[in-house]
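Below: one structure, written as C-alpha cells.
The values are calculated or read from the model by the stated rules, or taken from the named source; none is laboratory data. Quick caveat: nothing in here was measured; it's all calculated off a predicted structure. Note that we place each Cβ from the backbone using ideal geometry, even for glycine, and neighbour counts take in every protein chain shown. Just the protein is used for accessible areas: all its heavy atoms, side chains included, with ligands, DNA and RNA removed. Shrake-Rupley method; radii C 1.70, N 1.55, O 1.52, S 1.80 Å.
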Amino acid sequence: MASITAKALDTLEATFAASGREEKVAIIGAGNWGSAAAMIIGRNCAKLDIFDDNVTVWCLEEKVDGGNLTDVINSTHVNVKYLPDHKLPENVRAEPDLVKSVAGATLLVFVLPHQFLARTCKTLKGHLAENVKAISLIKGIDFDDSGPQLMTNVIKRELGIEACALSGANIANEIAAGKFCESTIGYESKETGALFFALFNEPNFRISLVQGVAAPQVFGAIKNIVALGAGFCDALEMGNNTKAALMRIGLIEMYRFATQYFQGVDTATMVESCGMADLITTCMGGRNRRVAEAYARSRLEKGDDHRTWEDLEAEMLNGQKLQGTGAAKEVFQILTRDNLLDKFPFLVTLYRIAFEGKPIEDVVHIPEEHFLPSSLTSKAAATVASA
C-alpha cells in the first residue's frame with residue numbers, strides 16, 4: 001500500500017503544482033468525532049499547499065450557557081459541548097447554515113449520525129461546486145427494500161459524486177489528545193484515495209489505503225452490534241477470555257455479513273484498523289459497550305423495571321447517539337426478510353437480548369456447530385446420525 005500511496009501523492013503534487021488548484025474542505029458534522037477530525041484536517045490544511053488553509057465545519061446550532069454553540073466555537077476555538085478539553089486549530093470555523101458551510105468546497109467530509117445523511121444530502125443538492133469529492137467517516141449503514149445501503153452509495157445517489165470511506169479504531173477523545181492510532185481509507189480511485197490520505201495522515205494518526213469501500217463501512221456498522229455483546233459480558237463479569245471469544249465470533253459474522261451483501265470484500269481487510277482493531281477498541285471502551293453494560297446491569301438488578309435504552313442514551317452520552325441498537329434492529333429485519341437468521345446466530349442473539357427480553361446470560365449460547373469448519377461439521381453430523 002505504501003508504494004501505491006507514494007506514487008499517487010507524487011501525481012497529485014505535480015497536478016496541483018501545474019494547475020495552481022487548491023482543495024477547499026468542508027466538514028459536515030461537529031460532534032465528538034467530527035471535532036476531533038477537524039483538528040487533524042485543520043493542521044494538514046495549514047501545512048500542505050494542495051489544500052486551502054481555511055476549513056469550515058457545519059455545526060447544528062444549539063444553545064450552550066445561553067449562547068450559540070457556533071459562536072462559542074468561533075470565539076474560543078473549543079467545541080465546549082462535544083470536545084470540551086481540546087482546542088480546534090485557528091483555521092477551523094463553525095457555520096450553522098448547512099448550504100453556506102459548503103460554499104466553494106471541493107472536498108466534503110461527512111461525519112454525522114447515519115440516519116441523518118440522506119436528508120442532509122438532499123439539502124445540499126444543487127449547492128455544490130463542480131468536481132466535488134467526498135469521504136464518509138460515518139459508522140453505520142442504511143437499509144431499504146433492496147437491502148443494506150452503504151453511506152458512500154447514499155452520497156453518490158443523492159449528490160452524484162465520488163465518495164471514499166474512512167473507518168478504524170478511532171475513539172475521538174484519544175485522537176484529540178494526540179495518542180497514536182490508525183485508520184483505514186477505502187477508495188475506488190487511487191488518486192482520490194491518495195488525496196484523502198494527504199488530508200488525514202499524521203504521525204499519530206496513521207492511514208492505510210484499501211481498494212473498495214464496502215468492507216470498512218460494513219465492519220464499522222456491525223461492530224457496534226458486537227459491542228453490545230461486550231457490554232452484556234461485562235455486566236455479567238464474565239472476564240476477558242469470554243469477551244475475547246465473543247469478539248472473535250463477532251468478527252466472523254461481520255465478515256460473513258459483508259460478503260453476503262457486497263462484492264469485492266477482501267479477507268485481509270479484517271486485520272486492518274477498520275476491522276479487528278476497530279472491533280477491539282469498541283468492545284473495550286466505546287459508547288455502545290458502556291451503555292450496553294448499564295442496560296444489562298439494570299435488567300439483572302431490576303428485572304422488568306429496568307432502564308430503557310433511550311433513558312440510558314440520554315443520561316450517558318451527552319447528546320451523542322447509540323449506533324449499535326439501531327443497527328441491531330435493522331440487521332435483524334433484513335436477515336429475517338432474507339431467511340438468513342441461522343447464518344448469524346450471534347447477531348440474532350444480541351438483538352433478542354436487547355429487544356425481546358432474552359436472558360442476558362444467553363450472550364454465550366452460540367450453536368457450537370456454527371463455528372466448526374464445514375468438513376468437521378458434516379463429519380460430526382454423520383457420526384451423530386449413525387449413532
> Of the residues in the range 121-141, how many are among the polar types (S, T, N, Q), open to solvent by 10 Å² or more (accessible area, probe 1.4 Å) and within 24 Å of Thr184 (Cβ to Cβ)?
Replying inline: 0
> Among the residues of the range 259-275, which ones are under 12 Å from Pro148 (Cβ atoms) and in contact with a Pro (Cβ under 7 Å, 6 or more places away or on another chain)?
Replying inline: Tyr261
> Applying the selection to the range 256-281, what residues are in a helix (DSSP H, G or I) and either without any contact (Cβ under 8 Å) to a residue 60 or more places away in the chain or open to solvent by 50 Å² or more (accessible area, probe 1.4 Å) (or both)?
Replying inline: Arg256, Ala258, Thr259, Gln260, Tyr261, Thr267, Ala268, Met270, Val271, Met276, Ile280
>> If Lys223 meets every condition in (1) part of a helix (DSSP H, G or I); (2) open to solvent by less than 20 Å² (accessible area, probe 1.4 Å); (3) not assigned by TED's automatic domain parsing to the domain that holds Thr259 apart from one, which number is that one?
In response: (3)
>> Looking only at the range 111-131, count every residue that is free of Cβ contacts under 8 Å to residues at least 12 places away in the same chain and in a helix (DSSP H, G or I) and tell me the total.
In response: 2
> Which residues, counting only those in the range 20-69, are under 23 Å from His127 (Cβ atoms), open to solvent by less than 40 Å² (accessible area, probe 1.4 Å) and in a loop (DSSP other than H, G, I, E, B)?
Replying inline: Gly29, Ala30, Gly31, Cys59
> Only one of (1) open to solvent by 50 Å² or more (accessible area, probe 1.4 Å); (2) under 18 Å from Met39 (Cα atoms) is not met by Glu162, so which one is it?
Replying inline: (2)
> Identify, please: which residue in the range 161-206 is hydroxyl-bearing (Ser, Thr, Tyr) and free of Cβ contacts under 8 Å to residues at least 40 places away in the same chain and is, among those, nearest to Val271 (Cα to Cα)?
Replying inline: Tyr187
